[in-house]
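To start, the structure itself, in structure tokens.
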Amino acid sequence: MTRPLLLGLCVLSLAAPLAAQPLNGDTTILEARDAVRKRDRSRLAAARATAQAAQHPLTPWVEYWDLNARLSELKVDEVEAFYTRWSGSYVEDRLRNDWLLELGRRRDWPAIARDYPRFRMNDDREVSCWWLLTEHLAGRDVRDAARSAWFAQRELDDGCNMLATAMVDGKRFRSDDVWRKARLSVEANRPAAAKAAIGLLGNAVDRAASDALENPTKYLLRETGPAPAQRQELRLLALMRLAASDSEQAATLLGERSHLLSPAQAAWAWAYIGRQAAFKLSADASAHYRRAWAVMPAAEAAAPGWSDETIVWGARSALRIPAARERWPLLLRQVGVMSPALQAEPTWAYWKARALQATARDGTAEGDIQRAEARHLLESIAGPLHFYGQLAAEDLGQPLALPPAPLPLSAAERDAARTTPGLARAMKLAELGLRDEARREWNFTLRGMADRDLQAAARLACDASDWQLCINTSDRTRDDIDVATRYPMPFANEIHAAAGAAGLEPAFVFGLIRQETRFMSQLRSSAGATGLMQLMPATARWVAKKVGMDVNPARPEQINDPVTNLRLGTSYLKMVLDDLSGSQALAAAAYNAGPGRPRRWREGPVLEAAAWAENIPFNETRDYVKKVLSNTSVYAAVLNKQPPVLKARLGAPIGPRDSTAPVNGELP
């Protein structure tokens with residue numbers, strides 16, 4: 001999506017945020033990284049020798065880059081020697097990940113069997129598939145795990161494809177498994193993966209699948225009579241492909257031809273059409289879901305088999321139904337078929353509680369049970385530091401208070417963090433501007449840490465003004481919560497001054513910057529947005545002209561200056577806020593996705609602001625809005641010494657703009 005300001009936290013560093021004395025050999029590390037980018041193996045080998053001779057603390061990274069560049073030529077002994085030298089480090093496990101993929105390409109099943117149990121991150125889908133294939137070839141029953149891994153595969157890869165082939169050939173996967181994989185692939189807009197799955201059933205059906213997936217409308221218009229199961233599945237896939245581009249036409253064709261599918265297939269089709277309509281915020285979405293439930297066989301209603309995304313969008317579509325008598329029953333039905341993990345998420349625990357409260361009948365035992373369950377759900381998620389926790393606490397009438405400050409860290413605890421090798425390497429990587437490597441090394445080292453250790457690591461990063469690592473680490477603590485490191489306030493004087501000049505609440509600016517850049521003033525997005533408030537150069541120049549600031553297009557570093565960036569960013573945010581009826585939810589969405597989108601998203605029924613935010617079509621923007629608002633309520637509590645309050649901040653219900661209200665059509 002095109003966004004004028006923020007491109008998320010996947011950012012590149014313009015300059016090192018940490019002030020530290022350079023070590024002899026730092027240039028060698030940067031040369032090695034540059035050699036990796038340019039695939040210059042001889043230069044990389046020379047850098048490795050230099051780093052080793054200097055005993056530079058980032059030598060393990062240079063060795064890893066060198067080995068990774070020669071992966072196809074490596075011998076086991078060389079890999080094992082690296083494991084031994086850097087045992088327990090991130091790069092040891094990173095090389096193991098790469099090496100297991102190479103062993104899969106070599107079809108070296110015994111080596112995979114030896115090395116995989118030592119793989120600690122275990123976060124690579126293809127590696128999991130190679131391991132499961134190894135286990136299958138050894139005669140072990142891995143059907144359930146193999147199905148899960150294959151279904152979760154999004155991009156085609158050798159390991160999962162070989163696993164699926166072996167499982168089909170061994171009759172461990174049934175045709176139903178293959179068709180489910182095809183449906184999930186179409187839902188994920190991965191037609192090539194769907195074709196690859198169907199190809200396991202034979203060439204004839206493979207050719208028909210290409211027709212159904214590439215020309216769905218023509219295919220469906222040709223299909224007029226009863227058909228065997230495989231053709232029914234292809235009809236369903238064609239309907240899904242059509243729905244992704246034209247949900248209305250797909251609904252029309254399904255309405256005319258639902259008898260050409262089994263009832264369960266028709267239910268899947270209606271639900272998927274509903275999902276596509278819900279994503280477009282169509283008023284027809286909930287009706288499509290109701291049709292899905294109407295044709296669903298009773299025996300399958302408790303577990304329809306729909307994907308998580310299809311079920312979740314059904315719940316979101318229910319929130320947009322104007323009539324409460326229709327809204328809450330559909331929401332309860334959608335939440336009721338979510339996986340246990342989804343139901344436990346604060347989002348759906350909150351909305352289920354609301355639905356139970358709304359449908360509980362007064363004066364009945366059943367109603368009392370529903371109200372008790374609703375209260376239990378709200379109590380289970382209530383808390384001051386996240387969006388639905390804050391809403392739940394306010395619904396319960398509980399006074400919210402920020403967590404008390406934890407006991408100060410001891411000198412020993414701080415020294416332990418400072419001398420942890422992985423943290424030290426990460427800090428050095430960040431100092432050199434290698435932020436992606438720093439983040440990975442840092443996060444790997446945090447694994448398994450107790451709260452006090454995490455607090456010490458967070459404080460180490462805060463003391464170095466690496467607010468990104470500081471906040472992200474502090475966010476991990478469960479019981480001992482340090483608000484000072486989780487919600488720090490660097491640039492406080494500058495932010496207060498800029499917010500005051502723009503007429504904004506300082507807490508709103510703090511809350512937005514925490515989500516934008518974690519207060520890292522030197523970060524630059526892949527699209528060119530820079531500074532604390534992630535301004536694109538063109539937007540910055542436009543705002544500067546509006547507010548009478550002199551910004552030289554030939555000096556882009558001006559925009560990156562914290563004071564300049566804050567003045568421009570807060571001025572733009574104020575313009576957006578004024579254009580969107582003073583709604584912080586709408587303004588946060590506009591700052592993230594551009595002002596045109598929330599203008600469109602507010603069309604349709606009038607919704608309470610929380611329900612509107614939950615229906616934002618873009619995952620990133622939906623998450624962004626909720627986090628900015630919950631951040632803002634925390635910062636307001638810190639600054640004003642009052643309990644966090646979210647509902648008042650969400651403001652009035654959100655609906656179409658007043659026809660008499662002016663629109664600032666110039667806003668970029």
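Going by the conditions given, is residue 539 open to solvent by less than 20 Å² (accessible area, probe 1.4 Å), assigned to a helix (DSSP H, G or I) and modelled with pLDDT under 95? Yes: the conditions hold for residue 539.
Within region 291-348, track down each residue that is within 25 Å of residue 606 (Cβ to Cβ), surrounded by 15 or more Cβ atoms within 10 Å (Cβ to Cβ) and aliphatic (A, V, I, L, M). Selection gives 312, 315, 318, 319, 321, 330, 331, 332, 335.
Can you find even one residue in region 64-81 that is open to solvent by 80 Å² or more (accessible area, probe 1.4 Å), free of Cβ contacts under 8 Å to residues at least 24 places away in the same chain and either closer than 21 Å to residue 430 by Cα or of a type outside the set (D, E, K, R) (or both)? No, every residue in region 64-81 fails to be open to solvent by 80 Å² or more (accessible area, probe 1.4 Å), free of Cβ contacts under 8 Å to residues at least 24 places away in the same chain and either closer than 21 Å to residue 430 by Cα or of a type outside the set (D, E, K, R) (or both). Scanning region 138-147 for any residue that is part of a helix (DSSP H, G or I) and either open to solvent by less than 20 Å² (accessible area, probe 1.4 Å) or within 25 Å of residue 448 (Cβ to Cβ) (or both) turns up at least one such residue. Report the residue count in region 350-384 for those that are surrounded by 20 or more Cβ atoms within 10 Å (Cβ to Cβ), aliphatic (A, V, I, L, M) and farther than 15 Å from residue 328 by Cβ. Residues meeting the conditions: 3.
Restricting region 82-95 to residues that are open to solvent by 60 Å² or more (accessible area, probe 1.4 Å) and part of a helix (DSSP H, G or I), the residue that is nearest to residue 118 (Cα to Cα) is 84. Starting from residues that are in a helix (DSSP H, G or I) and acidic (Asp, Glu), keep the ones in region 559-595 and report whichever is least open to solvent (accessible area, probe 1.4 Å). Per the criteria, the residue is 579.
When region 463-506 is filtered for residues that are more than 25 Å from the chain's Cα centre (by Cα), over 14 Å from residue 635 (Cβ atoms) and among the hydrophobic types (A, V, I, L, M, F, W, C), the ones remaining, listed by number, are 464, 497, 498, 501, 502. Just one of the listed residues (155, 126) is open to solvent by 30 Å² or more (accessible area, probe 1.4 Å), assigned to a helix (DSSP H, G or I), free of Cβ contacts under 8 Å to residues at least 60 places away in the same chain and touching a helix residue (DSSP H, G or I) at 6+ places or on another chain (Cβ under 8 Å), and it is 126. Has region 250-266 got any residue that is buried (at least 24 other Cβ atoms within 10 Å of the Cβ) and closer than 15 Å to residue 186 by Cα? So far as region 250-266 goes, yes, one or more of its residues are buried (at least 24 other Cβ atoms within 10 Å of the Cβ) and closer than 15 Å to residue 186 by Cα. Any residue in region 263-288 that's over 12 Å from residue 183 (Cβ atoms): show its pairings with residues that are assigned to a helix (DSSP H, G or I) and basic (Lys, Arg) at Cβ separation under 6 Å, as long as the two are six or more apart or on different chains. Taking only residues 6 or more apart or on different chains, the pairs are 270/291; 278/316. State all residues of region 212-253 that are at pLDDT 95 or above and among the acidic types (Asp, Glu); if no residue qualifies, say none. The answer is 214, 233, 246, 248. From 207, 222, 172, grab the single residue that is farther than 24 Å from residue 257 by Cβ, open to solvent by 40 Å² or more (accessible area, probe 1.4 Å) and not acidic (Asp, Glu). Going through 207, 222, 172 in turn, just one is farther than 24 Å from residue 257 by Cβ, open to solvent by 40 Å² or more (accessible area, probe 1.4 Å) and not acidic (Asp, Glu): 172. Selection of region 397-420 for residues being surrounded by fewer than 15 Cβ atoms within 10 Å (Cβ to Cβ) and among the hydrophobic types (A, V, I, L, M, F, W, C) yields 401, 405, 407, 411, 412. Within region 27-41, residues that are in contact (Cβ under 8 Å) with a residue 40 or more places away in the chain sit with their Cβ atoms under 8 Å from residues that are part of a helix (DSSP H, G or I), at 6+ positions apart or across chains, in these pairs: 29/47; 29/51; 29/61; 29/62; 33/65.
Quick one: in region 542-551, of everything that is touching a residue at least 12 places away in the same chain (Cβ under 8 Å) and not in a helix (DSSP H, G or I), which residue is most open to solvent (accessible area, probe 1.4 Å)? Looking at residues that are touching a residue at least 12 places away in the same chain (Cβ under 8 Å) and not in a helix (DSSP H, G or I), I get 549.
Residue 493 passes every criterion in (1) in contact with a helix residue (DSSP H, G or I) (Cβ under 6 Å, 6 or more places away or on another chain); (2) within 25 Å of residue 641 (Cβ to Cβ); (3) of a type outside the set (Gly, Ala, Ser) apart from (1).
Would it be correct to say that residue 650 is touching a residue at least 24 places away in the same chain (Cβ under 8 Å), touching a helix residue (DSSP H, G or I) at 6+ places or on another chain (Cβ under 7 Å) and within 30 Å of residue 405 (Cβ to Cβ)?
yes
Against the test of being at pLDDT 95 or above, open to solvent by 50 Å² or more (accessible area, probe 1.4 Å) and under 25 Å from residue 491 (Cα atoms), the options 459, 440 yield a single qualifying residue, 459.
Assessment of region 601-623 against the conditions (among the β-branched types (Val, Ile, Thr), buried (at least 24 other Cβ atoms within 10 Å of the Cβ) and over 16 Å from the mean Cα position of the chain (by Cα)) yields no matching residue.
The values are calculated or read from the model by the stated rules, or taken from the named source; none is laboratory data. Here the structure is a predicted model, which is why all the values come from computation and not from measurement. Positions of Cβ are generated from backbone atoms using ideal geometry, with glycine treated the same way; all protein chains shown enter the neighbour counts. Surface accessibility is based on the protein's heavy atoms, side chains included, excluding ligands, DNA and RNA. Shrake-Rupley method; radii C 1.70, N 1.55, O 1.52, S 1.80 Å.
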